[in-house]
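Participant: The following block contains the structure, expressed as structure tokens.
The values are calculated or read from the model by the stated rules, or taken from the named source; none is laboratory data. From a predicted model like this one, the values you see are computed outputs, not experimental measurements. Cβ placement follows ideal geometry from the backbone for every residue including glycine, while neighbour counts extend to all protein chains displayed. The accessibility values were calculated without ligands, DNA or RNA, using every heavy atom of the protein model including side chains. Shrake-Rupley method; radii C 1.70, N 1.55, O 1.52, S 1.80 Å.
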Amino acid sequence: MSLEKFLSRVSRPSRYLGGEPGSIRKDPTQVEVNFALAFPDVYEVGMSHLGFAILYHVLNGLEWTAAERVYAPWPDMEEHLRGAGAPLLSHDGGRPLASFDIIGFTLQYELSYSNLLNMLDLAGIARRREARDEHQPLIVVGGPCAFNPEPLADFIDAAVLGDGEEAVVELAAAVRESKRAGEGRAALLERLAAIEGVYVPSFYAVDHLQDGRIAAIHPLRPGAERVRRRFLHDLESAPYPAAPIIPFMKAVHDRVSVEIARGCTRGCRFCQAGYLYRPVRERSPHKVAELVEQALASSGYEEISLLSLSTGDYGCLEPLLKALMARHAADRVAVSLPSLRVGSLTPELMEEIKKVRKTGFTLAPEAGTERLRQVINKGITEEDLLAATGAAYSLGWRLIKLYFMTGLPTETDADLDAIVELAARVKRSGKGTAGGNDVNVAVSTFVPKAHTPFQWEAQIGIAETRRRQQRLREGLRPRRLNFKWHDAQLSFLEGVFARGDRRLGRVLEAAVDAGCRFDGWSEHFDFERWQDAFATAGLDPSWYLRQRDEEEILPWDHLDCGVPKAYFLAERRRAVTGEPTADCRDGCTGCGVCDFDQLRMRLADRDEIHLPEAAAEPEPAAEDRYKVRLRLRKDGAARFVTHLEFMTVVHRAARRAGLPVRYSGGFHPAPRISFPDALPTGVESEAEILDFELYRPWGGAETVAALNAELPAGFRVVEGEAVPWQTPSPSVSIKESHWQVLLPAAVPAELPARVTEFLSLQSLPTTREKHGKAVAIDLRPDVTDLRLEEGSLRIALRRGSPVPITAWLLGLSTEAVRELRIRKTAVTLG
């Protein structure tokens, strides 16, 4: 099966192509377990999630398992699927989702739950667990939201709590053994429940009091009172995808990402991830450097991102940065650090960071006053913050981004006003510096999360959120401080589901039935539909935002994140008094996670790193200029790769192939590869002419072979030759393009007369839409030849697209013409 027939009708068709470099496709009939990894958001978001890529790599490393990806289709694609009665297909093999043994959803955000149910609907899989039999896939969830999966409890078979690298293998193995034994679903669930870190909701019954609170959580199997999370003891030896999948389109995070550490030692009391991923485990700098080397070679990316919850706390960051930049700077590779902390910014580290691209420097004070930062255990001072921002401005950063939260426990209007004052002081810290002193203030609403010291706290409602946002807006605007905020209704709904119970399943079903999906996207979020869904289910959503009693049974109390509830209660009381809790690196705080044998903090040894130096390439002299001209074929599904995406495909293939491409000068050097005018999306070509400007002589055949070894399916260099470097670019050299349009089965009887009429005209004014506006064009002047030939139109053009000409001749819309098979067959070079 294929989605190809819909691709000409949807925005960004490369979301659905598959076959990206680095992707894996196995024969499903030659394995015992078929595992669909599902991301309940759009492709470009899912492709940016590292955990998803790790599990894809782990599962496909098993000979007996095939893992394929699937993403939530954008609403325009969903409309076509439903209209045609077509099922949701896997991304890699184009297989119906219902044909898999396991569908594993990654849950990163509560507002993706509606997409999960919608994806089951599109796949033709029953939503509710009791409506599925052993012939339908096992539905499993994982990720941070799996630590309170109760709103989804009626829909899922199991949840994986904690690190997934080992658990997912045991999960697949349990399914394999169950299939071999010919077991039914009940016996399979028993197998799953025996795996450490796997929670089976149907093995627990929940009773509610009349006021909605939980009366009791009953395990239905002896000895299964709580499910403890899964821990990966050692990150150093953990599997990792050294050859990442390279999307055709631009992903949200479009770079090589390497996880340098997992976990955080800081103990911020609002931060769920800081507790869920304890203890901190660091990769050695040598292992990180090895993974970076492999990933750059296999991807062609020009940026490395060193990932962790708090990258600045990585013990070997300075020597690692120095070594990576020394090794890769000559290849124009930048290094980015997404999560920095004021307390970890040493002068030496700032000196290293300043060498990379300085687009924005991000810090997260979280609160405006010292008092409130002590409440949340955010151990940074205003003095340290201003020292860091002043240094950043002086080192060339033009923009400081500050992240705060509103609605934190004990917050007052004085704390809000202090955000304004602190941001103003940050702006002043850059006064007189060469780069400038812009400040962006981003404020989100505090959402209490399960398994944190603040899991009992109240969340402010929509009206109060908007009041506080308005107070900040009025304070920041006169000081020329840019203000960004999170939508109050989105935060409200996130808060409901973050601490929700099983009763919310009814709400979720009603909302999906009403059309809710992509709720994290403002253009698709419809709060009225959600309000109606709560009313239909007879539930008050604001009830879920209330403060909880410390004695109350919480929906997730039977799920053990490794930190006992008593520790969270003690931390909550320390928050009230503003008493700090030390960083784990400075001494054990007694959180209860570590066994101090296998499960413990694992910190990389701090030492200097000496990587092999990059092969010395002399700086290209002005006279070292060579050019190779190539003719490339683009066909099959690759025709739906847009022109800008096509350029990126070629750039990255050239980097992987090691071609000695010259770069432009300036602040953002670009490879000197020249392309022809844009080919319309959905149109094939036998004759895309590309010029590569090189600083060393390479023959045409050598270049063709090197590129073809790296280009994905659908792209093929047909021929190449060395040409004088002064040869004009393809867009100048091409004097005429020749096109073939395969005609539909039914064509107007008057088509021959229309062709004759067209050729007789001197001018044919019409309009076309460009960026939502009608633009006047003349179809006739650039057509040099037009004829009917064996079920096709043959058109020769000096410039432009054959689409509007074909539309006029056939009396069709341009959208209908794009569904025809159109091919550029040749070009005439001047």
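Participant: Test of understanding: extend the Cα→C-beta vector of K179 to 7 Å, then name every residue of the stretch 50-78 with backbone N under 15 Å from that spot.
Facilitator: 59-68
Participant: Sort the stretch 159-308 into rounded, prolate or oblate with this rule: let a ≥ b ≥ c be the square roots of the eigenvalues of the Cα gyration tensor; rounded if a/c is under 1.5, and if a/c is not under 1.5, prolate when a/b is larger than b/c, oblate otherwise.
Facilitator: prolate
Participant: Eigenvalues of the Cα gyration tensor times 5, then square-rooted: what semi-axes does that give for the stretch 648-765, in whole angstrom, largest first?
Facilitator: 37, 18, 13
Participant: Which of rounded, prolate or oblate describes the stretch 158-202 when judged by the alpha-carbon gyration tensor and an a/c cut-off of 1.5?
Facilitator: Oblate.
Participant: So who's got an amide H within less than 5 Å of the one on G562, skipping anything under 5 residues away but keeping other chains? H placed 1.01 Å off N, in plane.
Facilitator: Correct list: R229.
Participant: Another question, then. First obtain the Kirkwood hydrodynamic radius of the stretch 492-539 from its Cα pairs, then insert it into the Stokes-Einstein equation at 25 °C and 0.890 mPa s, and state the resulting D in µm² per second as a whole number.
Facilitator: Here the translational diffusion coefficient equals 228 µm²/s.
Participant: Now, a different point. Extent of the stretch 367-416 along each principal axis, from alpha carbon coordinates, in Å, largest to smallest?
Facilitator: Cα extents, longest axis first: 37, 17, 15 Å.
Participant: Could you go through the stretch 563-571 in sequence order and give the Karplus-derived ³J(HN,Hα) for each residue, using 6.51 cos²θ - 1.76 cosθ + 1.60 with θ = phi - 60°, rounded to whole Hz, and x for Gly and Pro?
Facilitator: Taking θ as phi minus 60°, the curve returns 9, x, 4, 4, 5, 4, 5, 5, 5 Hz for the stretch 563-571.
Participant: Within the stretch 739-830, list the GluC sites (Glu not before Pro) lying in a DSSP loop whose Cβ has at most 13 other Cβ atoms in a 10 Å radius.
Facilitator: Those that pass, being in a loop and sparsely packed, are E750, E789, E790.
Participant: Quick check for you: which residues of the stretch 761-775 have the amide N under 19 Å from the point 7 Å beyond the Cα of E750 toward its beta carbon?
Facilitator: Residues passing the 19 Å test: 761-766.
Participant: Measure off 7 Å from each Cα along the Cα-to-Cβ vector at A514 and A387, then give the distance between these two points in nanometres to one decimal.
Facilitator: Result: 5.3 nm between the two label points.
Participant: In whole Hz, with x marking every Gly and Pro, tabulate ³J(HN,Hα) for the stretch 726-732 from phi via Karplus 6.51 cos²θ - 1.76 cosθ + 1.60, θ = phi - 60°.
Facilitator: Calculated HN-Hα couplings, in order: 7, 3, x, 5, x, 5, 8 Hz.
Participant: On to the next question. Compute the FRET efficiency between A458 and A194 as 1/(1 + (r/R0)^6), taking r as their Cβ-Cβ distance and R0 = 25 Å, and round to the nearest 0.05.
Facilitator: About 0.05, to the nearest 0.05.
Participant: I would also like to ask the following. Binned at 5 Å from 0, what are the whole-percent values of the Cα-Cα distance distribution for the stretch 151-225, short to long?
Facilitator: The calculated distribution, bin by bin, is 3, 14, 22, 22, 19, 10, 5, 3, 2, 0.
Participant: On to the next question. Long-range amide H contacts for T825: which residues qualify at under 5 Å (H placed 1.01 Å from N, peptide plane, sequence gap of 5 or more or a different chain)?
Facilitator: When sequence neighbours closer than 5 places are left aside, the close amide H contacts are E686, H738, W739, Q740.
Participant: Projected onto the charge dipole of the chain (+1 at Lys/Arg Cβ, -1 at Asp/Glu Cβ, origin at the Cα centre), which of V747, P781, L340 gives the Cα projection farthest towards the positive end?
Facilitator: Final value for the positive-end residue is P781.
Participant: Counting only residues 5 or more places away or on other chains, whose amide H sits under 5 Å from the amide H of F105 once H atoms are built in the peptide plane?
Facilitator: HN-HN under 5 Å from F105: A38, V140, V141, G142.
Participant: Can you give the extra length, in nm with one decimal, that the chain gains between R471 and L764 once fully stretched, where that is 0.36 nm per residue apart less the Cα-Cα distance?
Facilitator: Here the segment from R471 to L764 would lengthen by 99.7 nm.
Participant: A further question follows. How far, in nm, would the chain grow between T825 and A86 when pulled straight, counting 0.36 nm per residue and subtracting the alpha carbon separation?
Facilitator: Length gained, T825 through A86: 262.7 nm.
Participant: When DSSP assigns beta bridges and you keep just the ones with both residues in the chain, what percent turn out antiparallel, to the nearest 5?
Facilitator: Of those bridges, close to 55 percent are antiparallel.
Participant: Too long at a 32 Å Cα-Cα cut-off: which of K484/K773; K5/K484; K378/K427; K179/K449?
Facilitator: K5/K484; K179/K449
Participant: Moving on. Which FRET efficiency, nearest 0.05, do A705 and A297 yield, Cβ-Cβ r, R0 25 Å?
Facilitator: It comes out at approximately 0.90.
Participant: To the nearest Å, what is the center-to-center distance of the stretch 759-812 and the stretch 64-137, using C-alpha atoms only?
Facilitator: 41
Participant: With label points built 7 Å along Cα→Cβ from the Cα atoms of H771 and H643, find their separation and express it in nm.
Facilitator: Between H771 and H643, the label points sit 1.4 nm apart.
Participant: At q = 0.05, 0.10 Å⁻¹, work out log10 I(q)/I(0) for the chain with the Debye formula, treating every Cα as an identical point scatterer and leaving solvent out; two decimals please.
Facilitator: Results for the chain at q = 0.05, 0.10 Å⁻¹ read -0.31, -1.23.
Participant: Name every cysteine in the chain that ends up alone, with no second cysteine's Cβ under 4.7 Å, or say none.
Facilitator: C145, C264, C316, C516, C561, C584, C588, C591, C594
Participant: For a quick protection proxy, order the peptides 718-728, 380-390 by their average other-Cβ count within 10 Å, most packed first.
Facilitator: Ranking, from highest mean packing down: 380-390, 718-728.
Participant: Moving on. Between T29 and A566, with labels modelled 7 Å along Cα→Cβ, what's the label distance in nm to one decimal, could you check?
Facilitator: The two pseudo-label positions are separated by 6.0 nm.
Participant: Give me the one-decimal Kirkwood hydrodynamic radius in Å for the stretch 767-830, with the sum taken over alpha-carbon pairs.
Facilitator: Evaluated on the stretch 767-830, it is 13.0 Å.
Participant: Oh, and also: On each of the three principal axes of the Cα atoms of the stretch 297-346, give max minus min coordinate, whole Å, ordered largest first.
Facilitator: Taking the Cα atoms of the stretch 297-346, the three principal extents are 33, 18, 13 Å.
Participant: Let me ask something additional. What does the helix-only formula give at 222 nm for the chain: each DSSP H stretch with n ≥ 4 adding -39500 (n - 2.57), the total divided by the residues, and the result rounded to the nearest 500 deg cm²/dmol?
Facilitator: Rounded to the nearest 500, the figure is -9000 deg cm²/dmol.
Participant: A further question on this structure: In sequence order, what are the phi-derived ³J(HN,Hα) couplings for the stretch 420-430 according to the Karplus relation 6.51 cos²θ - 1.76 cosθ + 1.60 with θ = phi - 60°, rounded to whole Hz, with x for glycine and proline?
Facilitator: Here the 3J(HN,Hα) series is 4, 5, 5, 4, 5, 5, 4, 4, 5, 5, x Hz.
Participant: Here is a follow-up. Between their Cα atoms, which of K627/K735; K26/K287; K250/K634 are more than 23 Å away from each other?
Facilitator: The answer is K26/K287.
Participant: Further question on the same structure: Over all directions, what mean area does the Cα convex hull of the stretch 401-451 project, stated in square nanometres?
Facilitator: In nm², the orientation-averaged hull projection of the stretch 401-451 is 4.4.
Participant: Right, here's the next one. Can you give me the relative contact order of the chain as a percent, contacts being Cα pairs under 8 Å and 6 or more apart?
Facilitator: Relative contact order, the chain: 11 percent.
Participant: Leaving out ligands and nucleic acids, and using a 1.4 Å probe, what accessible area per residue does the chain come to in Å²?
Facilitator: 41
Participant: Sorting check: for 701-714, 67-80, which peptide has the highest mean count of neighbouring beta carbons within 10 Å, and how do the rest follow?
Facilitator: 67-80, 701-714
Participant: Expressed as a whole percentage, what fraction of the accessible surface of the chain belongs to carbon and sulfur atoms when a 1.4 Å probe is rolled over the protein heavy atoms?
Facilitator: That fraction is 50 percent.
Participant: Another question, if that's okay. Quick one: accessible surface of C271, probe radius 1.4 Å, all protein chains present, in square angstrom to the nearest 10.
Facilitator: 40
Participant: Continuing with this model, one more query. Figure the gain on full extension for R798 and D76 (residue separation times 0.36 nm, minus the Cα-Cα span) and round it to one decimal in nm.
Facilitator: 256.5 nm
Participant: Would you please give the FRET efficiency between V732 and E550, computed as 1/(1 + (r/R0)^6) with r the Cβ-Cβ distance and R0 = 56 Å, to the nearest 0.05?
Facilitator: 0.15
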